[in-house]
Every structure is written in structure tokens, then in C-alpha cells.
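Enquirer: Below you'll find the structure I mean.
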Amino acid sequence: LAGFGSLMQDVLWCFSQVKGTIDIGVTEADIISTVEFNHTGELLATGDKGGRVVIFQREQESKNQPHRRGEYNVYSTFQSHEPEFDYLKSLEIEEKINKIRWLPQQNAAYFLLSTNDKTVKLWKVSERDKRPEGYNLKDEEGRLRDPSMITMLRVPVLRPMDLMVEATPRRVFANAHTYHINSISVNSDYETYMSADDLRINLWNFEITNQSFNIVDIKPANMEELTEVITAAEFHPHHCNTFVYSSSKGTIRLCDMRTAALCDRHAKFFEEPEDPSNRSFFSEIISSISDVKFSHSGRYIMTRDYLTVKVWDLNMENRPIETYQVHDYLRSKLCSLYENDCIFDKFECVWNGSDSVIMTGSYNNFFRMFDRNTRRDVTLEASRENSKPRAILKPRKVCVGGKRRKDEISVDSLDFSKKILHTAWHPSENIIAVAATNNLYIFQDKVN
């Protein structure tokens, strides 16, 4: 992967689109709720509030049009989850896809996990371009033949057919979570994965669907004593015994499954002491961590709270080694953001392939990038009005009070209904996917 810092120095730290905007719809059910590249970056999956999964495949580069560098086109669409009703608790279970996680490809088929609030499903996505013909007990229409009319043995043969992509559920992992699932993470042993809800984390084996092992339980005996909930969890990319989970109190716990069956006691505890001078009514709300991600190297942890992105070294627990202000200009707007519930938005964050750049979303369809080497940052906007295929994205700036320049936007005119909560970065190239409400934008670095 080419160093992203050098791209910035060459004024290429803007992205041009691979394929304009992929508009998936306009209704509430079409709002994208998760985005995830697979391990090679050839496939990109999105889940929406309607329970659908849409998979995009990167086309092969064309010699006639090398500047296109492989566009992403729809590969498969399937209904992953349906709305349900829990009659015992009189509770509706939404079909919304909360998370998608890919498994490494082992053969011609692809496998991915998708989850809503209660149920995790393992899907197999495979291609079929041949069909068998010449059955003995069935005719060509699939109807059973009269055995007395069968006078000779036929050998079925495979005939070519139009390519068809099939998505089939291979496993359904249900009835293990009392509260809403917020995270799933595949272990590096590729035999197990974990699912986390507000108070518990469960460990599953891919081959066993009727039972899971509870590895974290923070539910107090008396629910009136509840002070924090689990907000995100992830396995270490290389060590199958290690995982982290974050809490609504702004803390991160690193757990080692070798120490005990139930990881009630953490191995490491990451927390930044609060500055008393910055204490306010909103302090606890904005300190809640909405996402936690291990770096690809496994050395660092990145966390996102409401106003900042922080990078932690696994060897230093008392404070982060890097803190990036995502939209500090909103600090004076916290009261109105609390009133319209935006202060509870859960933004995600992602690393690039070399862990040198991090990306996260903001409001007004803005998304932010921070170069860890040069400490430079940029604000870009994903919108249909200013985005045409292969157009250069111009950096945006937000003006706080005083005179506003021509190319700046006032903090008072930001649209808080347009928010980028979900983003993904290609594992080895400078290609990013940004979900803005019901639109998916795919950007790549500029081609010389």
C-alpha cells in the first residue's frame, strides 16, 4: 500500500469516485446500517434497516479504460432478516442489520455473518453456471416420473446456464441474547466468533448453533445499580485468546480468555482521566465509546466517542497516545444536539490498510481523515450535488463565528439529519465506502 502521507503531500489527499453514487432507495427501510469490505476488498457488503444485504463486486480492470480501475457493481441482493415478534415479552424485533462480518475465503464460495438485534446468521454466497439434466426419476420440469415407464438408466449431465449468484443461510444462531446485539467479531482461529449485547458477550463455535459460552457478564444483581453498558467488542486480529470491549463510561477493557472461563476480570483497563475544568452535564454522554477497532498490526486500539477519535497503545493504559478532534465546533451545540437526540448517534471509525490513516464520519454528510504520520487532517463531503464520477472532492471547512469565507460553511447551517455513521476502507488500497443515509458512495485516490 502506497503511503497515504505521500499522497497528501502531492495534493492527492482527495478522493475521486469509482462509480458515482449507488442509490439503494428512499424509504426508512433503505437506510444503510452497516458497510464492510471482505478480506481481499473484491467484495463490499451493505446491510440496511429493511433487513437486506447487498453485495457489490469489483469488476476486472479494463485495458481499454484503465482509469476506471475496477468499478463496484451489484453482485447479489438477499433478505437476511425478517421482522419478528417476541410474544413472551410483547416485543417487536426489527429486521435491521446491525453488523456484517466476512469470513476469509476458503474455496469458491463466500461466507459472511449478519446480525439484527437478536439473531446472527451465517450466509453462503456462491455462483452457479451449470445445471444438471437427465434425471432418472424426474422429468425436465421436475415432476416425478412413473417408475413403470422407466426403461433405461440415464446418466445426468451438466449443461451451461446463465450465471446465478445464490445466497443460502448455513447456520442460524438465535435465542442467546436478552438485549440488543451491537457487535459481532470473527476470531483469528476462524472456528469461533463472539456476539455482544448491552450487558453480555457470548462466544460461539461456527458448527454449534444451539448453545454459546458466556465470556463476559456485567449485569448487576439489582438492575437499579446498573451504571454502564457494553457498546462495542472486537477480537484481536492475531491472538485468538484476546479481545476488547468498550463501555458507555468511556473505558476499554482488554480480556484474556486463558486466565478464566468467565472474563469478569480484565487483563488491562484503558481510561483517560477527565479534566475537571471540562466537566459538564453532557460529559458522561459524549464520553461514551461508540466503536472500538484493533489496528491491523494488533499493536493499537482506536476508539470513537462523540467528539473525538483516540488511538491507544496496548502497552499504555492511562491515556491515549493520539487524540483527534472530529467536530470540536459542536461543543457549543451540545444542548440542542441533546434535545434532538443527535448526541446519542453512534459513529464508527476505520483504519486504512497500513494503519497510517484513520477515518470517521460527521454531520452534513462530512467525513474526516487523519494522517497519523504528518498529523494533517481533512474534511470531505459525500453528496450527490458535488460528486460526479472521477471528480475531485474538495476539502470542506466549517466556520465558527466571525466572518465566513466563500468556501466555508457555517456551523449554524449544518444539516444534522445528514450523518455518516458507517464507513469502510479497502484492506490494501486507497478505496473507501461511505454510507450517507440511503446512498452508498465509493471513492478512490486520484489516478494520475
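Enquirer: Looking at Ser212, Ser185 in this structure, which one is surrounded by 15 or more Cβ atoms within 10 Å (Cβ to Cβ), modelled with pLDDT of 95 or more, of a type in the set (Ser, Thr, Tyr) and in contact with a Lys or Arg (Cβ under 8 Å, 6 or more places away or on another chain)?
Expert: That would be Ser185, the only listed residue that is surrounded by 15 or more Cβ atoms within 10 Å (Cβ to Cβ), modelled with pLDDT of 95 or more, of a type in the set (Ser, Thr, Tyr) and in contact with a Lys or Arg (Cβ under 8 Å, 6 or more places away or on another chain).
Enquirer: Could you please tell me which pairs satisfy a Cβ distance under 6 Å, a separation of 6+ or placement on different chains, a first residue in the stretch 419-438 that is of a type in the set (D, E, K, R), and a second residue that is in a strand (DSSP E or B)?
Expert: Lys419/Tyr363
Enquirer: When the stretch 396-423 is examined, which residues are found to be β-branched (Val, Ile, Thr) and open to solvent by 60 Å² or more (accessible area, probe 1.4 Å)?
Expert: Val400
Enquirer: Mind listing just one residue for me: the one in the stretch 424-438 that is open to solvent by 20 Å² or more (accessible area, probe 1.4 Å) and touching an Asp or Glu at 6+ places or on another chain (Cβ under 9 Å) and, of those, nearest to Asp355 (Cα to Cα)?
Expert: If we take residues in the stretch 424-438 being open to solvent by 20 Å² or more (accessible area, probe 1.4 Å) and touching an Asp or Glu at 6+ places or on another chain (Cβ under 9 Å), then Glu429 is nearest to Asp355 (Cα to Cα).
Enquirer: Here's a follow-up. Quickly run through the stretch 252-267 and pick out the residues that are acidic (Asp, Glu) and not in a loop (DSSP other than H, G, I, E, B).
Expert: Selection gives Asp256 alone.
Enquirer: Among the residues of the stretch 286-312 satisfying the criterion of being among the aromatic types (Phe, Trp, Tyr) and in a strand (DSSP E or B), which is surrounded by the fewest Cβ atoms within 10 Å (Cβ to Cβ)?
Expert: Here the residue is Tyr300.
Enquirer: Further question: Inside the stretch 128-164, can you point out the residues that are in a loop (DSSP other than H, G, I, E, B), open to solvent by 90 Å² or more (accessible area, probe 1.4 Å) and touching a residue at least 12 places away in the same chain (Cβ under 8 Å)?
Expert: Tyr135, Leu137, Leu153, Val155
Enquirer: Shifting gears a bit: Just checking, does the stretch 315-322 include any residue being surrounded by 15 or more Cβ atoms within 10 Å (Cβ to Cβ) and touching a Leu at 6+ places or on another chain (Cβ under 7 Å)?
Expert: no
Enquirer: Would you be able to say whether some residue in the stretch 313-328 is more than 21 Å from the chain's Cα centre (by Cα), without any contact (Cβ under 8 Å) to a residue 60 or more places away in the chain and in a helix (DSSP H, G or I)?
Expert: Taking every residue of the stretch 313-328 in turn, at least one turns out to be more than 21 Å from the chain's Cα centre (by Cα), without any contact (Cβ under 8 Å) to a residue 60 or more places away in the chain and in a helix (DSSP H, G or I).
Enquirer: Another question, then. Would it be correct to say that Asn73 is open to solvent by less than 40 Å² (accessible area, probe 1.4 Å) and modelled with pLDDT of 80 or more?
Expert: Against the criterion (open to solvent by less than 40 Å² (accessible area, probe 1.4 Å) and modelled with pLDDT of 80 or more), Asn73 does not qualify.
Enquirer: I'd like to verify a number: residues in the stretch 352-372 that are part of a strand (DSSP E or B) and more than 24 Å from Pro237 (Cα to Cα), how many?
Expert: The qualifying residues number 4.
Enquirer: All but one of (1) more than 16 Å from Lys219 (Cα to Cα); (2) open to solvent by 40 Å² or more (accessible area, probe 1.4 Å) hold for His180; state the number of the condition that does not hold.
Expert: Here His180 clears every test but (1).
Enquirer: Which of the numbered conditions does Cys263 fail, given that it passes all the others? Conditions: (1) touching a helix residue (DSSP H, G or I) at 6+ places or on another chain (Cβ under 9 Å); (2) surrounded by 21 or more Cβ atoms within 10 Å (Cβ to Cβ).
Expert: For Cys263, the exception is condition (1).
Enquirer: Let me ask something else about it. Out of (1) under 26 Å from Lys397 (Cα atoms); (2) exposed (fewer than 15 other Cβ atoms within 10 Å of the Cβ), what's the single condition that is false for Glu274?
Expert: (1)
The values are calculated or read from the model by the stated rules, or taken from the named source; none is laboratory data. What you see is a predicted model; the values in this text were computed from it and never measured. Positions of Cβ are generated from backbone atoms using ideal geometry, with glycine treated the same way; all protein chains shown enter the neighbour counts. SASA here: full protein model, heavy atoms, side chains in, ligands and nucleic acids out. Shrake-Rupley method; radii C 1.70, N 1.55, O 1.52, S 1.80 Å.
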